[in-house]
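I have placed the structure first, in the form of C-alpha cells, so that the comments after it can refer back to it.
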Number of protein chains: 2
Amino acid sequence: MSYAFAVDDVTAAIADPVRRQILELLRAGELPARRIAERFPISRPAVSRHLRVLRECGLVHDTLTGRERVYRVDPAPLAEVGDWIAGFARPAGFWGPRLDALETEVHRTRRDRRAQRLEDTA
Amino acid sequence: MSYAFAVDDVTAAIADPVRRQILELLRAGELPARRIAERFPISRPAVSRHLRVLRECGLVHDTLTGRERVYRVDPAPLAEVGDWIAGFARPAGFWGPRLDALETEVHRTRRDRRAQRLEDTA
DNA sequence: CGAACCCGTAACCGATGAGTTACGCTTTCG
DNA sequence: CGAAAGCGTAACTCATCGGTTACGGGTTCG
C-alpha cells in the first residue's frame, strides 16, 4: 500500500504553474469559478479545465450554490507529496521526525476526503 | 524573492514517475548511470535524458570517475517544494511550525549547492 | 593500437497537454 | 417568459515530452 498512485496525480497537478497559482489563490478563501478565471490571462474554459484536474486529485472541492460553483482548497493530497519528500531526509532524522507529523495528517484527512466527495457537486 | 522559479522546475521534474523512482533509487546510495538504467524497462538514452532533467534542477549531482559518471541525489531542491506545500498548513500553525524547519534547510543548502555545481562534471 | 565499454546527444515520432473558439445547460431576474 | 449570467464540455490546433534508434567521443584493457 503505497501512495504512488495519488502522488503521481498530485505531482502532475502541481507541475503546472497556473494550477499552483489557483491553489495559492484559494488559500486566501473560497471563490466561485468566475472570480478565479478573471485573475488569469487565459480563457475561462482553460481555467475550468485546470479546476477539473485539481478536482480529480482532490486538491480542491466544489459546492454548487445557485448558478455559481464555489471552489475551496484541500491541502490533504499535498501532504502525501510532503510525505514522499520527507523520505529524502538528510543523513538520519534531519527533517524526518518533523515531517512524520504530515503522515499522520494524511491518514486523518483520508477519511475526511471521502466524506467531502459525497458533498461535492451538491 | 520567491522560489517560484525553482519550484517550477522541481515540480515538473518530480511529476514524472520514472524520475521519482530514480531519486528513490539514489536515496540508497550513489550509482553510475549504467546501474540506474538497467533498473528500468526503458532504453538507456531515455534514462540519460531523465538524469539530465534532474541534473538541471539540482536534484542530482554527478561526478565523472574514469569512464563512469556517478550520480547522487541532492534533496535540497525538494525542500523548496516542501516549503511551498507548507504554505498550505491547516487553519493556523498545524503543520506550519514543523515545516518551517524545511525553509531553514533550504537556505542552508542553497550555499552548498553553489559549491556542488562547481564540482559537477569534474 | 584496436576492440569493448560507458555515456551523452541528435534526429525522429507518437502521445499528451494546454490553449483557443463554439456550444449547451441551468439559474437568476427584469 | 425571455434575456443575461455562470459553468462545464466538445472539437480542434500547436507545442512539449517521453520513447526509440543511430551515432560519436572519451576510457579501459588485451
key: Among (1) open to solvent by 30 Å² or more (accessible area, probe 1.4 Å); (2) modelled with pLDDT of 95 or more, the one test that residue B:15 misses   = (1)
inquiry  = Every residue in the stretch A:18-50 that is within 14 Å of DNA strand D (Cβ to nearest atom), within 15 Å of residue B:87 (Cβ to Cβ) and open to solvent by 70 Å² or more (accessible area, probe 1.4 Å), please.
reply    = none
Residue satisfying condition, being modelled with pLDDT of 95 or more and within 11 Å of chain B (Cβ to nearest Cβ), within set A:76, A:101 = A:76
ask   = In the set B:74, B:9, B:83, which member is in contact (Cβ under 8 Å) with a residue 24 or more places away in the chain, open to solvent by 60 Å² or more (accessible area, probe 1.4 Å) and more than 9 Å from DNA strand C (Cβ to nearest atom)?
value = B:9
note = residue B:67: passes all of (1) in contact with a strand residue (DSSP E or B) (Cβ under 9 Å, 6 or more places away or on another chain); (2) modelled with pLDDT of 95 or more; (3) open to solvent by 30 Å² or more (accessible area, probe 1.4 Å) but (1)
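The values are calculated or read from the model by the stated rules, or taken from the named source; none is laboratory data. Computed from a predicted structure; not experimentally measured. Here Cβ is always computed from backbone atoms with ideal geometry, including for glycine, and neighbour counts include all displayed protein chains. Each accessible area value is taken on the protein alone, full model and side chains, heavy atoms only, with ligands, DNA and RNA left out. Shrake-Rupley method; radii C 1.70, N 1.55, O 1.52, S 1.80 Å.
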